[in-house]
Amino acid sequence: MRTRLPCYVSRLLLVGGMLLLGGCDMVLFNPKGQVGVDQRNLIILSTLLMLLVVVPVIVMAFIFSVKYRASNTKAKYTPEWAHSRKIETVVWGVPLVIIIILGVVTWKSTHALDPYRPLDSDVKPLVVQVVALIGNGCSSIRNWASPRSMNWPCRWTRR
């Protein structure tokens, strides 16, 4: 025989779970630049489009399992029924349209986020010149923090 948890225990578990998850930092949904924002938007759009197929399938699975269970004598059983063009159109058409939309959106956003394409920004880019030897390095940063160049002297030591 099953016993139900008291209402306050289930609410306490729900609130406790929310408190534990409240400290999580969702780095993916907190981007710091334009490329990160575009990638976040692409991930959210792709997830929502895929949920258009997944959620109705899960809901229908529960509805069908309840409606056509063995103890339900009111459900109409038609074993000779074999085909419906309307159902086939929806079952194949909706995922096909969603895949086409995902393909177009992914294609456009992939080319928009090309790493070799310069970013659209009003901020002047930071130019870093680096010279490296085995185990040693020297860097020179130009156009940063002041209009004049900042050069650090390089001292090469041999070991």
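The values are calculated or read from the model by the stated rules, or taken from the named source; none is laboratory data. Just so we're clear, the structure is a prediction, and the values are computed from it rather than from any experiment.
When restricted to residues that are part of a helix (DSSP H, G or I) and modelled with pLDDT under 90, region 61-77 contains 4.
Here region 78-105 is the region considered, the condition is being of a type in the set (S, T, N, Q) and at pLDDT below 90, and the residue that is nearest to Val54 (Cα to Cα) is Ser84.
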